[in-house]
Amino acid sequence: MPLLYGASASPFVRKVRVVLAEKKIPHERDDLVPFNVSAEYKKISPLGKILAWRDGDRTLADSSIICAYLERTHPEPRLYPADPYDYARALWFEEYGDSALVGVIGPKIFFQKFIRPRFFNQPADETVIQKAVNEELPPLLEYLEGQVGGGDGIVDGRFSIGDIGLGTQFVNLRHAGFGVDAKRWPKLARYVTALHERPSFKTLIDEERATFSV
Ligand SMILES: N[C@@H](CCC(=O)N[C@@H](CS)C(=O)NCC(=O)O)C(=O)O
């Protein structure tokens, strides 16, 4: 049975878990946290980050690489659009989640609200949180508000890896006690709500809520 390393508090781990759920791929999990990882783990994740994937003697690191690999090993349901431009757009939204959104939601909101008190016994830095929520996140959401259309996904109305990459970041925002203001960004708020209602996301959110939310 393949093995996924990494605790679901990580949006990257959750991204892969949603792909595994959508494709119904049997696997086991090791809830590894990214602090003081072993030399053994660094052999499969050389940067010491979570997450990693092991299937027999084949190992991979990085969520985007693992998701792309799973699409090749388990093509159904398709999570990467066939059309070249749509494919590239889906990758763009995945990257937008993996770089822009995580850069604000990860260290400045979720880390402050949840990881600092829980793992480092330190209070959250409210100044950092307020700046992130009031100044740094809004332009990122504004862009997405202009991109969201109808249907099940942000690219051509079809659910794809782009939605998974975005949706997973909004789960961390939600666990930290924040959401998308529906008055300011109505289309985006509806989109995120619908994404999180998908069984693949909802099952994980429900499972995580007890452990990871504030
Ligand atoms: N690009 C990587 C990013 C993984 C990542 O940054 N993981 C974080 C946890 S959310 C981590 O392990 N941080 C610890 C570190 O950077 O040492 C991926 O997509 O898997």
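The values are calculated or read from the model by the stated rules, or taken from the named source; none is laboratory data. Because the structure is a prediction, the values reported are computed rather than measured. Neighbour counts are summed over all protein chains in view; Cβ atoms, including those assigned to glycine, are modelled from backbone coordinates with ideal geometry. Note: areas computed on protein heavy atoms with side chains; ligands, DNA, RNA excluded. Shrake-Rupley method; radii C 1.70, N 1.55, O 1.52, S 1.80 Å.
For this structure, a couple of remarks:
- Identity of the residue in the range 183-208, in a loop (DSSP other than H, G, I, E, B) and closer than 15 Å to Leu140 by Cα, that ends up least open to solvent (accessible area, probe 1.4 Å): Trp185
- Each residue in the range 35-82 was checked for being within 12 Å of the ligand (Cβ to nearest atom) and basic (Lys, Arg), and 2 of them qualify.
- Checking each residue in the range 116-127 for being open to solvent by less than 60 Å² (accessible area, probe 1.4 Å) and in contact with a Pro (Cβ under 9 Å, 6 or more places away or on another chain) picks out Arg116, Pro117, Ala124.
- Subset of the range 83-116 [more than 21 Å from Asp62 (Cα to Cα), away from the ligand (no atom under 16 Å from the Cβ) and without any contact (Cβ under 8 Å) to a residue 24 or more places away in the chain]: Pro84, Tyr85
- Each residue in the range 112-149 was checked for being more than 18 Å from Val180 (Cα to Cα), modelled with pLDDT of 95 or more and of a type in the set (D, E, K, R), and 2 pass.
- Restricted to the range 1-104, the set of helices (runs of 4 or more DSSP H) holding at least 3 residues that are buried (at least 17 other Cβ atoms within 10 Å of the Cβ) comprises 11-22, 63-73, 84-95.
- Whether a residue is in a helix (DSSP H, G or I), open to solvent by less than 30 Å² (accessible area, probe 1.4 Å), in contact with a strand residue (DSSP E or B) (Cβ under 8 Å, 6 or more places away or on another chain) and within 25 Å of Ala7 (Cβ to Cβ) was assessed, and Gly162 passes this test.
- Among residues of the range 137-181, those that are under 27 Å from Ile115 (Cβ atoms) and among the β-branched types (Val, Ile, Thr), counted: 5
- Test: residue in the range 5-18 that is within 29 Å of Glu197 (Cβ to Cβ), within 11 Å of the ligand (Cβ to nearest atom) and basic (Lys, Arg): yes
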